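Visitor: For reference, the structure I am asking about is given below.
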Protein chains: 2
Amino acid sequence: MPPPPEPKAAGLLQGTLDMMILQVIALEPQHGYAIATRLQQISKDVLQVQQGSLYPALHRLEKKGWLAAEWKESEQGRMAKIYSLTKAGKKQLAEEAENWRRMSAAIGLVMGTAQ
Amino acid sequence: MPPPPEPKAAGLLQGTLDMMILQVIALEPQHGYAIATRLQQISKDVLQVQQGSLYPALHRLEKKGWLAAEWKESEQGRMAKIYSLTKAGKKQLAEEAENWRRMSAAIGLVMGTAQ
DNA sequence: CTACATACCAAGAAGCACGATGTATGTAGA
DNA sequence: TCTACATACATCGTGCTTCTTGGTATGTAG
């Protein structure tokens, strides 16, 4: 049998996935599969979003009205559901980003990583 | 009736509570009530740990062997359960702190807060 | 025709923070 | 004395999010 393929250690902080999805889409409308790829690229392989986390999150965000979906052709020439930010989504992203800054700064204070 | 007492906005990132508890206790053994107070002080009121989050977390950490508990007199002259870090707890804290740094840095990259 | 990358989705389980609620004691003030 | 408040512990149920695992389908390269 093959050696256990590394712990994988995803373990995302709750709530940050939604925020990062909004952020990636804010830069440019994307389909789900590409969002996961981009997140992994940008974070230099630290963040590896599972599909079982990604798609529920996308549906969640669409349901709340932060995202709008549309079937289009992807860059690879295949049909894909392209998500883009709604106006409410932009506002939500701004709020969550601000909250993230406050929170991570506070945690930084506690952990002595401040400054 | 009194005006609604401010949103309170706790909303901790899941998983970080354990890490911060370990960190606060690493600085000095504390009892539960004091841990919550300290966290609030250090974070300048950004982090407000509910008792319904705190005590389960303490029991969880003790069960895993990261914390050791002992009944002693508090600074206020009352009996309190003082928690201190075990050897395993120190190791765990180091791991979680390192992981936090990697994670928050990665999220920072995504959010454009980098540098 | 097999494997792989692309692209979507669902179901079940587990973990965790939260809100509400309860107990008890010591102290300060009315 | 009676009341309020701070200290100090704790449990329970709920809801949300993430993870794991599995499944569908298409195009392309070998």
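Visitor: Does region A:64-77 contain at least one residue that is touching a residue at least 24 places away in the same chain (Cβ under 8 Å) and within 13 Å of chain B (Cβ to nearest Cβ)?
Guide: Looking through region A:64-77, none of the residues is touching a residue at least 24 places away in the same chain (Cβ under 8 Å) and within 13 Å of chain B (Cβ to nearest Cβ).
Visitor: Could you list all residues from region B:78-111 that are closer than 23 Å to B:L12 by Cα, more than 14 Å from chain A (Cβ to nearest Cβ) and of a type in the set (A, V, I, L, M)?
Guide: Passing the criteria: only B:L85.
Visitor: Here's another thing I want to ask about it. Check B:T113, B:T86 and return the single one that is surrounded by fewer than 19 Cβ atoms within 10 Å (Cβ to Cβ), away from DNA strand C (no atom under 14 Å from the Cβ) and within 30 Å of A:E96 (Cβ to Cβ).
Guide: Residue meeting the stated conditions: B:T113.
Visitor: Another question, then. Among (1) at the interface with another protein chain (Cβ under 10 Å from one of its Cβ atoms); (2) more than 8 Å from DNA strand D (Cβ to nearest atom); (3) part of a loop (DSSP other than H, G, I, E, B), there is one condition A:L12 misses while meeting the rest; what is its number?
Guide: Failed condition: (2).
Visitor: Sticking with this structure for a sec: With B:S43, B:S53 as the choices, which residue is within 14 Å of chain A (Cβ to nearest Cβ), more than 11 Å from DNA strand D (Cβ to nearest atom) and of a type in the set (G, A, S)?
Guide: Going through B:S43, B:S53 in turn, the sole match is B:S43.
Visitor: If you don't mind, another one. Can you report the number of residues in region B:82-102 which are touching a Leu at 6+ places or on another chain (Cβ under 8 Å) and either in a strand (DSSP E or B) or among the basic types (K, R) (or both)?
Guide: Matching residues across region B:82-102 total 3.
Visitor: Something else now. Within region A:57-80, work out how many residues are within 16 Å of the chain's Cα centre (by Cα) and assigned to a strand (DSSP E or B).
Guide: Residues meeting the conditions: 3.
Visitor: Something else now. What number goes with the only condition from (1) surrounded by fewer than 17 Cβ atoms within 10 Å (Cβ to Cβ); (2) within 22 Å of B:E98 (Cβ to Cβ); (3) more than 10 Å from DNA strand C (Cβ to nearest atom) that B:L67 does not pass?
Guide: (1)
Visitor: Do the conditions hold for B:K91, that is, is it surrounded by 13 or more Cβ atoms within 10 Å (Cβ to Cβ) and among the charged types (D, E, K, R)?
Guide: In short, no.
Visitor: What single numbered condition from (1) modelled with pLDDT of 95 or more; (2) more than 14 Å from DNA strand C (Cβ to nearest atom) fails to hold for B:K44?
Guide: Here B:K44 meets the rest and fails (1).
The values are calculated or read from the model by the stated rules, or taken from the named source; none is laboratory data. From a predicted model like this one, the values you see are computed outputs, not experimental measurements. Quick reminder, even Gly has a Cβ in these numbers, built from the backbone with ideal geometry, and neighbours come from all protein chains shown.
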